[in-house]
Every structure is written in structure tokens, then in C-alpha cells.
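Everything below concerns the one structure shown next.
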């Protein structure tokens, strides 16, 4: 009985949302007194799943590490992994070499700042059901729409589908609200009713609901903004294409749906429409 | 479609996956550093592609092909898409990724322990993984490879398990060379399964 009570208590604690001080520097702004700090950046986004056949999906963003953060991570990695045995994942258990692995090939706990986060429903500024609007206070910098994650009751989640085959990035400047527009998600199994995802879906039942299709409808002058935010400085996000990248920590890979004037694909390669160049 | 196969039928698909996981051989690096052999010297198993049916979407064993693609181009596409098969610990959120946009960020990163994670995974691993691990790994790899290659216009063509094993035997490079040859042999009369 005691163990059962502890189990229930642990479920309750896990279910408590933690929007600040989780190492990301991300703070959800809720309705009430709103202050736009000159030293912080803000992103406004909507997640619209009214036409989606998926359970709630959370967009995942990556902030490009600063040089100091990258150096700190490298130093921590080198300190933790020098002479360490290989990471104990299922494949490496079968390794026969007793030699120390090179730097970058061991698992270690990094206690520094985190730069990848999901936008969870608990962060909602307003909305209900399948449509929510979010206003997040974040660290100024360059961000990438990194992938998507299925929401869980506990709030804990993992990256489910990365945008590894092509996505977009944007700069979040301090002192203003950067409007990211509307994020749309659907299953890839059947052709989506969402116009932006129609050509990126319909792959057949063998994919099931495991791969998440994602699209962004950038903000335009007609996009709805909550009245409490109307008086604050707000600019539409200036998106740029981001080329492919490898993310071994996800089971599924996909690409962000094309965005006219920003992101396009040719023979699977990412095309930056701003420059006309093909990205790696 | 028929072809001739003369190699030894040794199953090393898991070895292929492990080689990729360890980074012992990077296909894209191999493609960049080594010249491709004459396509005529690459042996393939003899087989007849099954006719597509309503069930073929569920096929587990297939090869990817595109009409009009050259052997070299197919090898480059396959090698590039094999990059995404690299496996690692799940990315828990929030987390840290040592992002380097250009060139591609390195794949390795730290692991953040979670309560009970190790206990649950160890238990599941001990009981179930010997039975299902290879199947799951193959399916995940298939989905990643299918998605990546589909964006480049490739379609699936069903084969038997035995043929699939023969195509994927040997080193990563051997398997890629066979797959690239198959990919470049798509005939106008063949029907693939999209994607």
C-alpha cells in the first residue's frame, strides 16, 4: 500500500508542469500582466490541429548554441569521456574493442543549459481543444524548427520525428514578439486535408501514425492576434531554409512541407529560395 | 527482372546495422573517397520481381529503384540516405544538441538519465530484445530509408526475404553497391510501390 501511494504521488509530481528553470531559458507567458523585456526575445505561434488526425503534437525547437555554450559542452564531453568505456547501448554491448573510444563516442550527463525544447499544451496563452496559441519568452538568438513530439500526460517527451530532411530557421531578436505563424501537423499515412501537407502525405498504411507530417503557415497581415498583445511590437518571422542533418535520437525522419519563397526541394535536396542555392 | 548472383549467402544485415551504429564505415565517406567499380562486376542474385498487389504496401523486403537513374547517382543517393540510419539514445526533451549547421552537426551527444529509464529498458531489453530487436531495427531503418529515398523519386519493389538477405550481405559498401545496381535497373514495364 505504501508503495502504491508513492507511485500515485510520483505520477502527480511528474504531471506538474515546469515551464521555467528547466535549463532552456524558455518561459511561457500566460494571460495577465504582460511585460516585454528588452533583453529577452518572444515568439508567438499557433498550433492548429483542427484538420489533423493525430493526437496532440508539440513542435520542437532548437536554439543554435553560442560559441561559449559549444565550448563548454565540448569541454564537458572531453572531461567525461576521456578514457571512458563506450556508451552502454544495445549495439555497443557487442563491441569487442577494449580501447578507449575517441572523444564524442561515450554517453555522459551534460548538466549545462539545454537548447532543445517542446512547446507543450500547458504553455498555452489561449485556446482550447485542437487550437492553441502560445507566447514564449526565450533567449534571443537563432532557432531551428527541429522536429515534432507527441504530447504525453506526464509532460515528459522525446523527439518523435525530426525534420532531418529539410526545415527552416529564424532569428528571434530581443525586445520584440516574433510571430512564427501557424504550425500544422497530420499523419502521413493518408493524404492530408491540410493544403500545405497534401503533397507530403498519403504514403500508405505501412507508415501508420508513427511519422509526423509538419507544415508552417507563416504569419501574414491578416493573422489573428489576441487583443492583449496588439499593442506590443510584433514582427513576422523571417524564415530561411535549413539543410539536412542527422539526428540519431529519433525513430522517424521527415521534412518540413515546402514554404513558398522560403523552402523548396529538388530531387530530395533542400533549396533555399531566398538565395536559390541547394543546401547540404 | 533477372540478374545473376554468385556470392556466398551469408546473413550480415545486423552486422551492417552495427557497422553503421559504430561509425566504423561511413557510406558517404566511402562514396567520396573510393571510386566505384564497374557496375558489370557487381553480382546480384537471380530473381523475378513479384507483381504488385493490394498487399504490397506491407512488404518488409524490397529494393528501391528509379527509372533513368545511373548507377553512380543511385549509389550517391543511397549513401547519403544511409546517414540517417544512425541510431542513438532517444532525445529527451528538453535536451542539448551540439548543433553545427554547416557542416552537418556531429551525431554524438550526451545522455540525460531519467528516473526508471534504465530499469525499464534493461528489463525489456533482457526479455524481449533478443526476439524483436533485429526486426524493429530493420523496420525503423526501412522507414527512414524509404522516406529519404522517396523524396528523390525512388519507388519500392518487393523481393523475397532470401533475395533481400543476399543483397544486404557483406560489408556496407558491398550492400550499397548491390542496392545501387538494382536501383539503376528499373525497367519501364515494372511497377513499384510508392513510396
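Between residue A:55 and residue A:238, what is the label-point separation in nm under the 7 Å Cα-to-beta-carbon projection?
Calculated label separation equals 4.0 nm.
Going by average Cβ neighbours within 10 Å, how do the peptides A:217-230, A:128-141, A:108-121, A:237-250 rank, with the highest at the top?
Per-residue Cβ counts within 10 Å, averaged per peptide and sorted highest first, yield A:237-250, A:108-121, A:128-141, A:217-230.
Using r as the Cβ-Cβ distance of residue A:82 and residue B:171, and R0 as 41 Å, what FRET efficiency do you calculate, to the nearest 0.05?
With R0 = 41 Å, the Cβ-Cβ based efficiency is 0.85.
Averaged over peptide A:109-121, how many Cβ atoms belonging to another chain are found within 10 Å of each residue's Cβ?
4
With a 10 Å radius around each residue's Cβ, average the other Cβ atoms per peptide and rank A:170-176, B:143-149, highest first.
Packing order, densest peptide first, comes out as B:143-149, A:170-176.
Suppose R0 equals 60 Å; then what is the FRET efficiency for residue B:162 and residue A:70 from their Cβ-Cβ distance, rounded to the nearest 0.05?
The pair residue B:162/residue A:70 has a calculated efficiency of 0.80.
Residue by residue through A:237-247, how many Cβ atoms from other chains fall within 10 Å of the Cβ on average?
4
Which FRET efficiency value, to the nearest 0.05, do you get for residue A:121 and residue B:70 by plugging their Cβ-Cβ distance into 1/(1 + (r/R0)^6) with R0 = 51 Å?
0.55
Sort B:81-90, B:159-168 by the packing proxy (mean of other Cβ within 10 Å over each peptide's residues), most packed first.
Those peptides, ordered most packed to least, come out B:81-90, B:159-168.
Using Cβ counts within 10 Å as a stand-in for footprinting exposure, how do B:185, A:274 rank, fewest first?
A:274, B:185
Label points 7 Å out from Cα along the Cβ direction at residue A:152 and residue B:40: separation in nm?
5.7
Quick check: the distance between the Cα centres of segment B:149-168 and segment A:230-257, to the nearest angstrom?
The two parts, judged by their Cα centres, are 31 Å apart.
Partner chain Cβ atoms within 10 Å, averaged over the residues of A:164-174 - can you pull that number for me?
1
Take A:145, B:61 and order them by how many other Cβ atoms sit within 10 Å, fewest up front.
Placing the least packed residue first, the sequence is B:61, A:145.
Computed from the coordinates by the stated procedures, all read-outs in this text should not be read as laboratory data. Note that the structure is predicted; figures quoted are calculated from it, not measured. Please note: Cβ atoms are built from the backbone with ideal geometry, for glycine as well, and neighbour counts cover all protein chains shown.
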